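Scroll down for the structure; my scribbles are underneath it.
Only the coordinates and a few stated rules stand behind these numbers; no lab work does. Since the structure is predicted, the reported quantities are computational estimates derived from the model, not experimental observations. Using ideal geometry, Cβ is built from the backbone for each residue, glycine included, and neighbour counts are taken over all protein chains shown.
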Amino acid sequence: MSKPRIAQKGPYVMDLAPGTYWWCQCGRSANQPFCDGSHKSTGFSPVKFEVTDTGRFALCGCKHSGNRPFCDGTHNTLDEPGQGTPS
Ligand code: FES
Ligand code: FES
């Protein structure tokens, strides 16, 4: 399994309603930060998480967080450039 692609070198901050979500771990999804099935044959699989109360979440865009699917600041330690810029 290779390293995940850095989709964005910073978190995706978004408001989420209660429900089940699948966070893209491989970094290849065109629907970041969520899985769109593009991980096929990469060895990665999405990370399922549940939201029970509507709220604002910082979902990891660099794919290197130690607290997936959430940003833990690890993106600040990465040397490689990301595919996009933080929004
Ligand atoms: Fe990945 Fe912050 S965006 S740790
Ligand atoms: Fe990245 Fe599914 S597209 S884990």
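Overview of results
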quantity: Under the Karplus curve 6.51 cos²θ - 1.76 cosθ + 1.60, θ = phi - 60°, whole-Hz ³J(HN,Hα) for segment 16-29, x wherever Gly or Pro sits; calculated: 10, 8, x, x, 9, 10, 10, 7, 6, 9, 7, x, 9, 5
quantity: Residue exposure sequence - 56, 5 - by fewest surrounding Cβ within 10 Å; calculated: 56, 5
quantity: Cα-centre dipole for the chain with unit charges at Cβ (Lys and Arg positive, Asp and Glu negative), debye to 20; calculated: 280
quantity: Length gained when the stretch residue 3-residue 45 is fully extended (0.36 nm per residue, less Cα-Cα span); calculated: 13.9 nm
quantity: Rounded if a/c under 1.5, otherwise prolate or oblate - segment 12-77, Cα gyration tensor axes; calculated: oblate
quantity: Relative contact order for segment 8-87, counting Cα pairs under 8 Å that sit 6 or more residues apart, in percent; calculated: 41
quantity: Net charge of Cβ neighbours under 15 Å - reference residue 13; Lys, Arg +1; Asp, Glu -1; calculated: 0
